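A.B. asks: Let me give you the structure first, and then I'll get to my questions.
The values are calculated or read from the model by the stated rules, or taken from the named source; none is laboratory data. Predicted model only: the values in this text are computed from it and were never measured. Methodologically, a virtual Cβ is constructed for each residue, glycine included, from the backbone with ideal geometry; neighbour enumeration extends over all protein chains shown. Just so you know, the surface numbers come from the protein's heavy atoms only, side chains and all, with ligands and any DNA or RNA stripped out. Shrake-Rupley method; radii C 1.70, N 1.55, O 1.52, S 1.80 Å.
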Amino acid sequence: MIADFSAPYALPRCKSKHSDLQAISPETVSNLIRGEYSEVIDNYVIVDCRYPYEYEGGHIEGAQNIYTKSDILDRFMKSDEFTSKAVDSNTKNVIIFHCEFSSERGPKMCRYLRESDRKENADQYPRLTYPEIYILEGGYKAFYEHESSQCTPQTYKPMLHADHSQDLKHFRAKTKSMNGSRCNRRRMLRC
């Protein structure tokens, strides 16, 4: 059952190293983009949590580049655009998070949205504005390897790309300050 216990998951899930999160495969995301789930999914948003230089170096078509907690709140908890669709109980809305490998940044943002949604709806538990959220197993790298034709541009730029070492420092500092968290260097290299 989805997180508010109101219905089963609409998309087929796969195993993930993140036992607390629901994961879907690159193939499932590819099929979603092609419209194969249009009978069960009304709206979907793919959230690319990578840094802008990674996103600009290639992303899943239609994905939105959102990489800070404050941007997650602005987009999903404060914006009427998607929130009004989400609260309509007659529509099925899903959000899919990913980063380069879906190891650190994507799962962290997915958890943050769930936590914020739970706080927002605490007086109506188990109600959630976004009961069906997923992570893309393997992240952008796995999706690109599976279906590069659905990437814009059809390239892949890793976080640790040599041409972007200054960008990496800048965006790490920005996300640390905007997210209000400290991050240990060894853990960040895995994201």
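A.B. asks: If I filter the stretch 92-127 down to residues being part of a helix (DSSP H, G or I) and acidic (Asp, Glu), which single residue comes out as farthest from the chain's Cα centre (by Cα)?
C.D. replies: Only one residue tops the list, namely 123.
A.B. asks: Still on this model: Would you please name the residue that is surrounded by the fewest Cβ atoms within 10 Å (Cβ to Cβ), looking only at residues in the stretch 33-74 that are more than 18 Å from residue 99 (Cβ to Cβ) and of a type in the set (Val, Ile, Thr)?
C.D. replies: 40
A.B. asks: Could you go through the stretch 130-146 and let me know if any residue there is over 22 Å from residue 10 (Cα atoms), out of contact with any strand residue (DSSP E or B) (no Cβ under 9 Å at 6 or more places or on another chain) and of a type outside the set (Lys, Arg).
C.D. replies: Within the stretch 130-146, one or more residues are over 22 Å from residue 10 (Cα atoms), out of contact with any strand residue (DSSP E or B) (no Cβ under 9 Å at 6 or more places or on another chain) and of a type outside the set (Lys, Arg).
A.B. asks: Now for a separate question. Please count how many residues of the stretch 128-149 are within 17 Å of residue 76 (Cβ to Cβ) and either of a type in the set (Asp, Glu) or more than 18 Å from the chain's Cα centre (by Cα) (or both).
C.D. replies: Final tally of qualifying residues: 1.
A.B. asks: Are any residues in the stretch 16-51 among the charged types (D, E, K, R), out of contact with any helix residue (DSSP H, G or I) (no Cβ under 8 Å at 6 or more places or on another chain) and closer than 29 Å to residue 119 by Cβ, and if so, which ones?
C.D. replies: Within the stretch 16-51, just 17 meets the criteria.
A.B. asks: Same structure again: Working carefully through the options 30, 16, 6, find the one that is among the polar types (S, T, N, Q), farther than 27 Å from residue 122 by Cα and assigned to a loop (DSSP other than H, G, I, E, B).
C.D. replies: On inspection, the qualifying residue turns out to be 16.
Yes or no, residue by residue, for (1) at pLDDT below 95; (2) open to solvent by 10 Å² or more (accessible area, probe 1.4 Å); (3) on the phi > 0 side of the Ramachandran plot; (4) of a type in the set (D, E, K, R):
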{"position": "99", "(1), (2), (3), (4)": "no, no, no, no"}
{"position": "105", "(1), (2), (3), (4)": "no, yes, no, yes"}
{"position": "108", "(1), (2), (3), (4)": "no, yes, no, yes"}
{"position": "112", "(1), (2), (3), (4)": "no, yes, no, no"}
{"position": "123", "(1), (2), (3), (4)": "no, yes, no, yes"}
{"position": "131", "(1), (2), (3), (4)": "no, yes, no, no"}
{"position": "134", "(1), (2), (3), (4)": "no, no, no, no"}
{"position": "141", "(1), (2), (3), (4)": "no, yes, no, yes"}
{"position": "152", "(1), (2), (3), (4)": "no, yes, no, no"}
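A.B. asks: Now, a different point. Among the numbered conditions (1) closer than 16 Å to residue 151 by Cα; (2) free of Cβ contacts under 8 Å to residues at least 40 places away in the same chain, tell me where residue 36 comes up short.
C.D. replies: All conditions are met except number (1).
A.B. asks: If I ask for residues that are buried (at least 18 other Cβ atoms within 10 Å of the Cβ) and modelled with pLDDT under 95, which ones from the stretch 83-97 would you list?
C.D. replies: Matches in the stretch 83-97: 86, 92, 93.
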